[in-house]
Amino acid sequence: MTDSQPENPPLGRDALGKMISLHLDGKLSKEQLSQLQRTLVIDESARDFYVELISIHSQLEQIHKGPVVHSESLNTLIRRPKTPSRMPSFAMMTLPAALLVVICVWITSQLPDPPVEKPVEIQAVVPEIIDYHVTVADTHEVRFFNQKPLGIGDHLEGDKIYKLDSGQLELLFITGVKASITAPATFAITGENELNLSAGILMAKVTTSKGKGFTVRTPGGPIRDLGTLFGVEIDNAGTSGVQVFQGEVVLADSRGESVKLTEGNTMRCAAGKDQWLPEPRLSRKFYSVIQENKQALTPNIILLPDEVQNMFGADEYIGKAYLMYSATSLLDRIPNITGPSKLSQQFSVVYFDETSTEWKFPDNTGLISFTPDATDLLLARIDSRGPDKNSITKEFTYFAGTQENIHGITSGYQSGDIQIIPDRFQGEANPGEYMLEGTYFIRNSE
């Protein structure tokens, strides 16, 4: 008859230490717990070893105030009366290794849990739309480059670059300033009372106290309004030009120097230069744009034709004469005019005959009577004086800023840069004749 082996033999020295460590860490399976229990039942030295480990672990837990919970079945086992140990060498050899395992397990349990990485929430950055309260007042065949169209009443975004490909855009600022921009133009609204113009043609009208100081920033420097009507032109090369039609503006250059520009005057700052310099006029395109678009800002502006305006005068005349503008062609109104073909069709020097109370127009043969039209306008008076016909002096009085009626013809206008040149015709000296220079005048409102 042979000895039979137990179904669950007791644990060896190494396995026992590892099993106790797993038990203290709460990681024993049911099968492993059953095997540990059997070993502790049949082996007193194993029970002693277990008690030692439990004691050490309890002391460590008390230091950190952490309770230790054990299975009731195991606690029952360790309370059994001791008998002399039959495995002293086993306990002594296994204790250091098991103790090291317990201490490592305890230290590991005190480490903080690794941080849980949260997914980064990606939010779309929506740029803030700035509103300087600049409204579209009117449009004329407007088309923008790669941008949505704007309609009457729309607000323009602040600090956004607009590229106007064609047409004309009229704007109303919250300060009461009115401005029109003609394509091709590049601009941006940079404030409630300012804009940046890097290309194109602009007309600005400032009539309110809040609008005073309205500023147009150009490549040549800022243009600051002092209550006026003025135009700005930036050509393709970046040359900046400004003309004042009414009032005055202050120009600043890159050197920090400022100059005041008054009514009827023009200045330019060439591309790449740092100084505003006087100019007789802006480009012909600038004035054509104003006239062709018939914009609301300057509905009464009258531009002089590009050609030199030659006018007849009465030779050796002493007395008063007047410079007259005719909305219709003088050649149609007075068909019997004789003289050079380059005679102005809308400007002439006229005379009032006190004796016959008639208005007369001069030609090479003498004075021709004509009937005034409701649209006729007297712009200036010419006073010819002298002791005799060979020593005549002429004095000019322009009717800018006035509004009267002289012998049935309205006189006066708001502003302009017209200038009468006496005793010249087609650019050459010619006593008694006249030439007219300038670019515009603005009629008084009806």
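The values are calculated or read from the model by the stated rules, or taken from the named source; none is laboratory data. The structure presented is a predicted model; accordingly, all values stated were derived computationally and were not measured. All Cβ positions, even for glycine, are placed from backbone atoms using ideal geometry, and neighbour counts span all protein chains on display. Accessible surface areas use protein heavy atoms only, side chains included; no ligands, DNA or RNA. Shrake-Rupley method; radii C 1.70, N 1.55, O 1.52, S 1.80 Å.
Quick one: Gln168 ticks every box in (1) crowded, with 17+ Cβ neighbours inside 10 Å; (2) free of Cβ contacts under 8 Å to residues at least 12 places away in the same chain; (3) among the polar types (S, T, N, Q) except a single one, so which number is it?
Of (1) crowded, with 17+ Cβ neighbours inside 10 Å; (2) free of Cβ contacts under 8 Å to residues at least 12 places away in the same chain; (3) among the polar types (S, T, N, Q), only one is false for Gln168: (2).
For residues that are more than 9 Å from Val177 (Cβ to Cβ) and open to solvent by 20 Å² or more (accessible area, probe 1.4 Å), scanning just region 195-211, find the one that is modelled with the lowest pLDDT.
Filtering first and then ranking leaves Ser209.
Sort out which residues of region 234-262 are among the small types (Gly, Ala, Ser), assigned to a loop (DSSP other than H, G, I, E, B) and under 23 Å from Tyr440 (Cα atoms), and write them in order of number. Let's see the steps before the verdict.
First, pick out the residues of region 234-262 that are among the small types (Gly, Ala, Ser): 237-238, 240-241, 247, 252, 254, 256, 258.
From the residues that got through so far, the ones that are assigned to a loop (DSSP other than H, G, I, E, B) too are 237-238, 247, 254, 256.
Once the filter is applied, which keeps residues that are among the small types (Gly, Ala, Ser), assigned to a loop (DSSP other than H, G, I, E, B) and under 23 Å from Tyr440 (Cα atoms), region 234-262 yields only Gly247.
When you go through (1) crowded, with 18+ Cβ neighbours inside 10 Å; (2) of a type outside the set (Ser, Thr, Tyr); (3) part of a strand (DSSP E or B) one by one for Leu150, which number turns out not to apply?
It fails just one condition, (3).
Please verify whether Lys389 is closer than 18 Å to Gly319 by Cβ, in contact with a Phe, Trp or Tyr (Cβ under 9 Å, 6 or more places away or on another chain) and at pLDDT below 90, treating the condition exactly as stated. I'd like the intermediate steps shown before the answer.
Values: closer than 18 Å to Gly319 by Cβ: yes; in contact with a Phe, Trp or Tyr (Cβ under 9 Å, 6 or more places away or on another chain): yes; at pLDDT below 90: yes.
Here the answer is yes, as Lys389 does meet what is asked.
Looking only at region 369-383, decide whether some residue is touching a helix residue (DSSP H, G or I) at 6+ places or on another chain (Cβ under 7 Å), open to solvent by less than 40 Å² (accessible area, probe 1.4 Å), in a strand (DSSP E or B) and of a type outside the set (D, E, K, R). Don't jump to the end; show me each part of the working.
First, the residues of region 369-383 that are touching a helix residue (DSSP H, G or I) at 6+ places or on another chain (Cβ under 7 Å): 370.
Cutting the leftovers down to open to solvent by less than 40 Å² (accessible area, probe 1.4 Å) gives us 370.
In the following step, the residues that additionally are in a strand (DSSP E or B) were identified as 370.
Checking which are of a type outside the set (D, E, K, R) leaves us with 370.
Checked region 369-383: at least one residue is touching a helix residue (DSSP H, G or I) at 6+ places or on another chain (Cβ under 7 Å), open to solvent by less than 40 Å² (accessible area, probe 1.4 Å), in a strand (DSSP E or B) and of a type outside the set (D, E, K, R).
For residues in region 156-168 being assigned to a strand (DSSP E or B) and under 16 Å from the mean Cα position of the chain (by Cα), which is nearest to Thr215 (Cα to Cα)?
Across region 156-168, the extreme among qualifying residues is Gly158.
Only residues in region 308-335 that are closer than 25 Å to Pro387 by Cβ and open to solvent by 70 Å² or more (accessible area, probe 1.4 Å) count as the first member; pair them with residues that are assigned to a loop (DSSP other than H, G, I, E, B) and at pLDDT 95 or above, Cβ under 9 angstrom, at least 6 apart or cross-chain, and list the lot.
none
Does region 384-405 hold any residues that are assigned to a loop (DSSP other than H, G, I, E, B) and open to solvent by less than 90 Å² (accessible area, probe 1.4 Å), and which are they? Don't jump to the end; show me each part of the working.
Start the filter on region 384-405 by keeping residues that are assigned to a loop (DSSP other than H, G, I, E, B), which leaves 386-392, 399, 401-403.
Gly386, Asp388, Ser391, Ile392, Phe399, Gly401, Thr402 - these are the residues of region 384-405 that are assigned to a loop (DSSP other than H, G, I, E, B) and open to solvent by less than 90 Å² (accessible area, probe 1.4 Å).
State all residues of region 238-251 that are of a type in the set (Ser, Thr, Tyr) and surrounded by fewer than 24 Cβ atoms within 10 Å (Cβ to Cβ); if no residue qualifies, say none.
Within region 238-251, Thr239 is the sole residue that qualifies.
Any residue in region 216-243 that's farther than 25 Å from Gly416 by Cβ: show its pairings with residues that are buried (at least 23 other Cβ atoms within 10 Å of the Cβ) and of a type in the set (Gly, Ala, Ser) at Cβ separation under 8 Å, as long as the two are six or more apart or on different chains.
Cβ pairs passing all conditions: Pro219/Ser240; Gly221/Ser240.
Which of the residues spanning region 220-237 are open to solvent by 20 Å² or more (accessible area, probe 1.4 Å) and within 16 Å of Glu279 (Cβ to Cβ)?
Let us first name the residues in region 220-237 that are open to solvent by 20 Å² or more (accessible area, probe 1.4 Å), namely 222, 224, 226-227, 235-237.
If the condition is that a residue be open to solvent by 20 Å² or more (accessible area, probe 1.4 Å) and within 16 Å of Glu279 (Cβ to Cβ), then Asp235, Ala237 are the ones that fit.
Of all residues in region 236-251, which are modelled with pLDDT under 95 and within 22 Å of Ala199 (Cα to Cα)?
Selection gives Asn236, Ala237, Gly238, Gln243, Val244, Phe245.
Step by step: first the residues of region 263-284, then only those that are part of a strand (DSSP E or B) and open to solvent by 60 Å² or more (accessible area, probe 1.4 Å), then the one that is modelled with the lowest pLDDT. Which residue is that?
Looking at the filtered set, the residue picked out is Glu279.
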